[in-house]
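Before any comments, here is the structure.
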Amino acid sequence: MNNLHVAIIMDGNGRWANARGLPRVAGHRTGADAVRRTVEAAPGLGVSVLTLYAFSADNWRRPAREVSALMKLLSHYLIRETDRCIENGVRLQAIGRRDRLPAALVSLLEDAERRTALGSKLHLRLAIDYSSRQAILDAVRRDRAVTEEAFSKSLGPDVDLLIRTSGEQRLSDFLLWECAYAEMVFTRRMWPDFSEDDLSAAIEEYHRRDRRFGAVAAEKTLRTA
Ligand code: FPP
């Protein structure tokens, strides 16, 4: 029941804001509160690895003002939350490219990664300037004679449960390899409204699923024997 890797595509910030007559950035800001709630709730729900899709490689195509606001929000999150991560045993790590990020954000990320390195309650991975296709290509280029096991290790842990908010049902270049056998839960909830109850409901749904990894369930084998 424990040690789950949950990955979340946090979607719907813009629509949440539009519905309230607010600028899109207000949706992202409230979305950052939902990030904090989710990180706090995760260890108690059996999650040991949490990967959040904060900024995709394709998000650079958004208006410069929105991109800049998102970068600032990420920086503020790290400034506000790094100490709290240390106190709560959260190990923070960023995945994705760093060479296109503002220097100040990179230095905050490196500082947070260094200072939280010993955290053992939750491994929080923030996907920033992330593209799964790119991550796969990079892993291939790192070691051409790679085995499936070594390749998986190089990319990161397999996802058990993938959650996407806002009603969209796409992977959007997120953890394509790692989601090979992931259970997927799509909720209509907009990310800024996502709560501990929503995370808990998704995890309960995950536990109700029958994960067979291509095999047949033990009970079914007996029945057909
Ligand atoms: C998708 O909603 C959300 C994003 C592209 C950004 C996610 C960022 C946050 C939740 C806030 C900061 C993150 C951290 C880790 C502190 P959208 O803008 O695509 O929404 P829409 O589809 O309704 O337009």
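GNM on the chain, alpha-carbon springs under 10 angstrom: the most fluctuating residue among Pro23, Pro157, Pro63 is Pro63. When the chain is modelled as a GNM with alpha-carbon springs shorter than 10 Å, which of Thr147, Thr38, Thr30 fluctuates the most? The residue that fluctuates most here is Thr147.
With a simple spin-label model that places each label point 7 Å from the Cα along the Cα-to-Cβ direction, the separation between Ala104 and Arg212 comes to 5.4 nm. Inter-label distance, Arg170 to Arg114: 3.9 nm, where each label sits 7 Å from its Cα along the C-beta direction. Among Gly119, Val140, Pro157, whose Cα lies farthest out toward the positive end of the dipole of the range 119-158, if unit charges sit on the beta carbon of Lys, Arg (+1) and Asp, Glu (-1)? About the Cα centre, the residue reaching furthest to the positive side is Gly119.
Run the accessible area of the range 1-149 with a 1.4 Å probe and give the carbon-and-sulfur part as a rounded percent. For the range 1-149, the apolar C and S fraction of the accessible surface comes to 50 percent. Calculated accessible area for the chain comes out at 54 Å² per residue, all protein chains present (probe 1.4 Å; ligands, DNA, RNA ignored).
Between the exposed loop cleavage positions of the chain, defined as chymotrypsin sites (Phe, Trp or Tyr not before Pro) in a non-H, G, I, E, B DSSP state with at most 13 neighbouring beta-carbon atoms within 10 angstrom, the longest gap is 1-180. Just checking the listed ones, Ala150, Ala34, Ala182: in the Gaussian network model of the chain with Cα springs under 10 Å, the one fluctuating most is Ala150. Of the residues Leu45, His28, Ala104, the one whose Cα sits farthest towards the positive end of the charge dipole of the range 11-117 is His28 (charges of +1 on Lys and Arg Cβ, -1 on Asp and Glu Cβ, taken about the Cα centre). Potential lengthening of the chain between Phe151 and Glu66 amounts to 27.1 nm, from the contour at 0.36 nm per residue minus the alpha-carbon distance.
Under 5 Å between amide hydrogens, built in the peptide plane, is the criterion, and for Ile95 it picks out Leu126, Ala127, Ile128 among residues at least 5 positions away or on other chains.
Magnitude of the charge dipole for the chain, about its Cα centre and with charges confined to Cβ atoms of Lys, Arg (+1) and Asp, Glu (-1), is about 520 debye.
The values are calculated or read from the model by the stated rules, or taken from the named source; none is laboratory data. The shown structure was predicted, so the numbers you read here are calculated from the model rather than taken from an experiment. Positions of Cβ are generated from backbone atoms using ideal geometry, with glycine treated the same way; all protein chains shown enter the neighbour counts. These accessible areas exclude ligands, DNA and RNA; they are computed on the full protein's heavy atoms, side chains included. Shrake-Rupley method; radii C 1.70, N 1.55, O 1.52, S 1.80 Å.
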